[in-house]
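In what follows, a structure is listed as structure tokens, so that the remarks can point back to it.
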Amino acid sequence: MSNIAIIGGGASGIICSIFASKNNDVTLFCSDDKVGKKLLVTGNGRCNLTNLANFNKAYNTDITKYLKRFNQTQTLTFFSNIGLLTYSDQENRVYPFSNSATSVIDVLVNKLKKCDVNIKQNEEVLTIQQLNDKFKITTISHSYIFDKVVISVGSSNKLLEQLNLKYKPFSPSLVSLKTKEDTHSLSGLRLSNVEVCLSLKNKIIIEKGEVLFKDRGLSGICIFNLSAYLARQNNYNATIYIDMMPNVSKESLINMLQERLKCNFINAKEFMQGIFNDKINNYILKICNIKNEEKITIKNINIIANNIKQLFFNIVGCYENHQVNSGGILLDDLTDNLQSKSIKNLYFTGEIIDVDGICGGYNLQWAWTSGKIVGENI
Ligand SMILES: Cc1cc2nc3c(=O)[nH]c(=O)nc-3n(C[C@H](O)[C@H](O)[C@H](O)COP(=O)(O)OP(=O)(O)OC[C@H]3O[C@@H](n4cnc5c(N)ncnc54)[C@H](O)[C@@H]3O)c2cc1C
């Protein structure tokens, strides 16, 4: 039995504490006033705790060997055993049956208490030092000595710096993107069933679904997922284009628009009415340099079709509110049980490791998987 400190009372620190407490004396430090607090905001308050779909393309790196040791089904069994009812939606996203993240926190905290984990809330770990084969941890109010330490602090790099550990700098992922173009006139608009293409160096990445417009930027799940690729290269300068009619070829669109000329619309505004809503129609005409009162000609039709199929945006940065960070301790610098290769008895779980996923429950799945692996093997 070892005396273990788990620093960070988020998803990965909690599950790690539960499993580690089977064979060890565990103290869980949390800078928040309540463990699991961050889970409250996940999945818009519903906590999308995992995803039952194939996870091959969901992460920045291949984590199959870890997921084999604690996969989505095992995660569901774990939650079921501690009393949580769940359901999955059409896109395989799993939520608590209550549709409330509070239920997830409740069952985890109940289990933590039954496991006799010593929970220290509102106690931020300020320093960590190696003392021979032990660790000295200092918090605002106390100092402690532990045999082993798990760092589960999300994307805070302070402790990594103190320990002189190498890591990939963090960059915001699953985040709204800023555009060079002024999208104020489209702000609040939601486009469904579109195809969004991110052009990145020599690669094109395509996401299908919904896009939301901000004052000067783009949001929505498609955009969040594309932002993951930008975060991983820590460069948010790119181009994005939206195909607003992904199921219609450009040729068919041109034919369809040409047919509309037969309707004898009096001007461009009337020509566009009935295709999209006013906001999009006006935006398209504006970027095509066509005035509302102008008559649409065969020549205009090509430009309109081009913009419907490829509504172009220059990405120049990202907004502040992000769901996850890309970066952290490299898997290569950790053993299979997520122990540091350079500092014995120091372990890592969750977001602090350089593993990040797209939207849909994949990031929490990594928190559960990494937390379970460390908890069981420490
Ligand atoms: C708005 C939002 C929505 C999200 N929705 C989803 C979703 O639906 N599905 C999904 O899979 N993922 C979602 N995520 C991502 C998910 O929340 C994270 O991937 C996950 O919480 C990471 O778990 P973690 O344990 O690594 O770190 P965290 O959950 O960040 O926990 C870290 C904990 O460490 C504590 N801490 C930090 N430093 C110290 C210190 N020095 N001393 C003591 N304690 C410390 C913090 O207070 C915190 O409690 C969402 C994220 C956000 C922000």
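The values are calculated or read from the model by the stated rules, or taken from the named source; none is laboratory data. Remember, predicted model here, so these are calculated numbers, not experimental data. FYI the Cβ positions are ideal-geometry reconstructions off the backbone, even for glycines, and counts take in every protein chain you see.
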* Structure fact -> Looking across the range 54-91 at residues that are away from the ligand (no atom under 13 Å from the Cβ) and modelled with pLDDT under 95, the single one that is surrounded by the fewest Cβ atoms within 10 Å (Cβ to Cβ) is Gln90
* Asked: Since Ser176 meets every condition but one in (1) more than 13 Å from Tyr319 (Cβ to Cβ); (2) of a type in the set (Ser, Thr, Tyr); (3) assigned to a strand (DSSP E or B), which condition does it not meet?
  -> (1)
* Structure fact -> Of the residues in the range 193-218 that are out of contact with any helix residue (DSSP H, G or I) (no Cβ under 9 Å at 6 or more places or on another chain) and not in a strand (DSSP E or B), the one that is farthest from Ala238 (Cα to Cα) is Asn202
* Going through the range 7-38 one residue at a time, which ones are near the ligand (Cβ under 7 Å from one of its atoms) and part of a helix (DSSP H, G or I)? -> Ala11, Ser12, Gly13, Lys37, Lys38
* **Scope the range 291-305; condition over 14 Å from Gln273 (Cα atoms) and in contact (Cβ under 8 Å) with a residue 40 or more places away in the chain; matching residues** => Ile298, Ile301, Asn302, Ala305
* Structure fact -> Going through the range 356-368 in order, the residues found to be closer than 13 Å to Ser12 by Cα and more than 8 Å from the ligand (Cβ to nearest atom) are Trp368
* Asked: For Tyr241, are the conditions met, namely being of a type in the set (Phe, Trp, Tyr), over 17 Å from Gln323 (Cα atoms) and surrounded by fewer than 19 Cβ atoms within 10 Å (Cβ to Cβ)?
  -> yes
* Asked: Out of all the residues in the range 103-120, is one or more out of contact with any Phe, Trp or Tyr (no Cβ under 6 Å at 6 or more places or on another chain), at pLDDT 95 or above, among the hydroxyl-bearing types (Ser, Thr, Tyr) and within 13 Å of the ligand (Cβ to nearest atom)?
  -> no
* To do: Quick one: which residue in Lys214, Lys262 is buried (at least 20 other Cβ atoms within 10 Å of the Cβ) and of a type in the set (D, E, K, R)?
  => Lys214
* Asked: With (1) exposed (fewer than 15 other Cβ atoms within 10 Å of the Cβ); (2) at pLDDT below 95; (3) closer than 27 Å to Ser326 by Cα as the list, and Met1 as the residue in question, which single condition is left unmet?
  -> (3)
